[in-house]
1. List the number of the failed condition for V70; all other conditions in (1) loosely packed, with under 15 Cβ neighbours inside 10 Å; (2) not in a loop (DSSP other than H, G, I, E, B) hold.
2. Exactly one condition in (1) in a loop (DSSP other than H, G, I, E, B); (2) closer than 12 Å to R176 by Cα is not met by I199; state its number.
3. Tell me, yes or no, whether segment 91-111 has at least one residue that is assigned to a helix (DSSP H, G or I), out of contact with any Phe, Trp or Tyr (no Cβ under 8 Å at 6 or more places or on another chain) and modelled with pLDDT of 95 or more.
4. Taking into account only those residues within segment 268-284 that are more than 15 Å from the chain's Cα centre (by Cα) and assigned to a loop (DSSP other than H, G, I, E, B), which is nearest to L251 (Cα to Cα)?
5. Just give me the residues in segment 159-183 being within 11 Å of ligand 1 (Cβ to nearest atom), open to solvent by 10 Å² or more (accessible area, probe 1.4 Å) and at pLDDT below 90, in sequence order.
6. What are the residue pairs meeting all of these: first residue in segment 290-305, first residue within 13 Å of P170 (Cβ to Cβ), second residue among the aliphatic types (A, V, I, L, M), Cβ atoms under 6 Å, and 6 or more apart or on different chains?
7. Looking only at segment 73-90, filter to residues that are open to solvent by 50 Å² or more (accessible area, probe 1.4 Å) and within 12 Å of ligand 1 (Cβ to nearest atom); which one of those is modelled with the lowest pLDDT?
8. Please tell me if R27 is of a type outside the set (D, E), in contact (Cβ under 8 Å) with a residue 12 or more places away in the chain, in a helix (DSSP H, G or I) and open to solvent by less than 70 Å² (accessible area, probe 1.4 Å).
Amino acid sequence: MFFSSPFKLKKKGIMGMNQRNSGYIGRYNPRRLYPLVDNKLKTKIIAREANVTTPALLGVISMQAEVEGVEQFITDTAGFVIKPAKGSGGKGILVITKIKNGRYYKPNGNEETLAEIKRHVTDILAGLFSLGGSADVAVVEGLIQFDSAFDGFSFEGVPDVRVIVFKGFPVMAMMRLSTAASDGKANLHQGAVGVGIDIATGKAVNAVQFDLPVERHPDTDKELKLLNVPKWERLIYLAASCYEMSGMGYLGTDMVLDRDLGPMLLELNARPGLAIQIANGTGILPRLKLIESLTNADQMTVEERVAFCKKHFAETPLVEIAS
Ligand SMILES: Nc1ncnc2c1ncn2[C@@H]1O[C@H](COP(=O)(O)OP(=O)(O)O)[C@@H](O)[C@H]1O
Ligand SMILES: [Mg+2]
């Protein structure tokens with residue numbers, strides 16, 4: 001059996017909510033830096049300065065009077081995404097994957113009219129999807145064309161890779177695959193599948209949907225253990241460099257793999273969820289403790305931190321267990 005029981009998980013050093021909040025987030029994430037990661041537009045700006053690639057920024061709408069002008073940002077694109085700068089959990093993200101004869105289509109094939117798109121932007125500005133319900137701005141981004149290595153692994157949406165980066169060390173990773181339930185977004189609470197990924201190799205180790213083990217993608221029937229993320233080294237290198245860029249000690253980085261542009265950063269999270277441990281079938285605490293025990297962590301380069309994690313946090317990929 002590939003999957004661990006909750007009892008086993010506990011024994012393996014699972015971290016709970018209180019411990020995450022007081023022992024890690026509270027301790028390692030300076031409050032004054034939160035605005036940088038809680039706002040996707042600000043994150044894009046610091047990422048550009050740090051030479052960390054992000055999806056193309058097509059436009060920003062910050063006032064109601066600009067809503068009518070949204071068309072200029074989206075007409076000549078091969079697809080786009082409109083999202084609240086201060087959103088989270090996939091809320092308020094509109095994904096348009098096809099534009100034909102001036103008409104817009106969502107990943108499930110349903111049309112979204114220009115009037116509906118404008119209404120969506122208005123809702124974003126009003127803060128309908130944003131942290132604390134405060135007024136927000138709408139960010140228009142180019143559509144990521146995902147790598148063909150993920151064909152069949154994700155249903156109608158771009159999969160992303162969540163990497164937990166602790167003091168600049170990429171300690172644990174999970175790929176999130178969208179499903180019919182998650183509507184073109186790869187957020188677990190929306191019904192995406194979470195696949196634990198071996199830090200050393202980029203290969204699948206375990207998979208869950210709604211916190212329960214799964215072996216196949218619910219919509220495509222693809223065997224999840226075959227998942228193998230290409231350009232893995234580059235991806236975790238970029239994730240690890242988000243530490244210098246943001247100054248946050250305990251960080252969830254959402255990475256995506258574009259067919260042409262390779263790994264890039266989608267967004268940062270200062271309060272990353274704990275389900276990544278269930279997806280990996282193992283707790284994160286022993287890894288965090290090991291990093292905390294290092295006396296020279298602050299002197300290590302990004303390359304050295306990546307090498308350290310590949311060496312110490314290797315897991316046994318499913319394909320090897322099975323064969
Ligand atoms: N530019 C994009 N192209 C394609 N899909 C995207 C894009 N931006 C976001 N998505 C989809 O929406 C999901 C959530 O996006 P993200 O920017 O991480 O916002 P949130 O803070 O709500 O998680 C991603 O995992 C991805 O599946
Ligand atoms: Mg996200």
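The values are calculated or read from the model by the stated rules, or taken from the named source; none is laboratory data. Just so we're clear, the structure is a prediction, and the values are computed from it rather than from any experiment. Because the Cβ atoms are built from the backbone with ideal geometry, glycine has one as well, and the counts that use them run over all protein chains shown. Ligands, DNA and RNA are excluded from the accessible area calculation, which covers all protein heavy atoms including side chains. Shrake-Rupley method; radii C 1.70, N 1.55, O 1.52, S 1.80 Å.
1. The number of the failed condition is (1).
2. Just one mismatch for I199, condition (2).
3. Initial filter on segment 91-111 (assigned to a helix (DSSP H, G or I)): none.
No; the residues of segment 91-111 include none that is assigned to a helix (DSSP H, G or I), out of contact with any Phe, Trp or Tyr (no Cβ under 8 Å at 6 or more places or on another chain) and modelled with pLDDT of 95 or more.
4. That would be I284.
5. Passing the criteria: only D183.
6. Qualifying pairs under 6 Å: V302/A240; R305/A240.
7. If we take residues in segment 73-90 being open to solvent by 50 Å² or more (accessible area, probe 1.4 Å) and within 12 Å of ligand 1 (Cβ to nearest atom), then A78 is modelled with the lowest pLDDT.
8. Details: of a type outside the set (D, E): yes; in contact (Cβ under 8 Å) with a residue 12 or more places away in the chain: yes; in a helix (DSSP H, G or I): yes; open to solvent by less than 70 Å² (accessible area, probe 1.4 Å): no.
Considered against the rule, which asks whether it is of a type outside the set (D, E), in contact (Cβ under 8 Å) with a residue 12 or more places away in the chain, in a helix (DSSP H, G or I) and open to solvent by less than 70 Å² (accessible area, probe 1.4 Å), R27 comes out as no.
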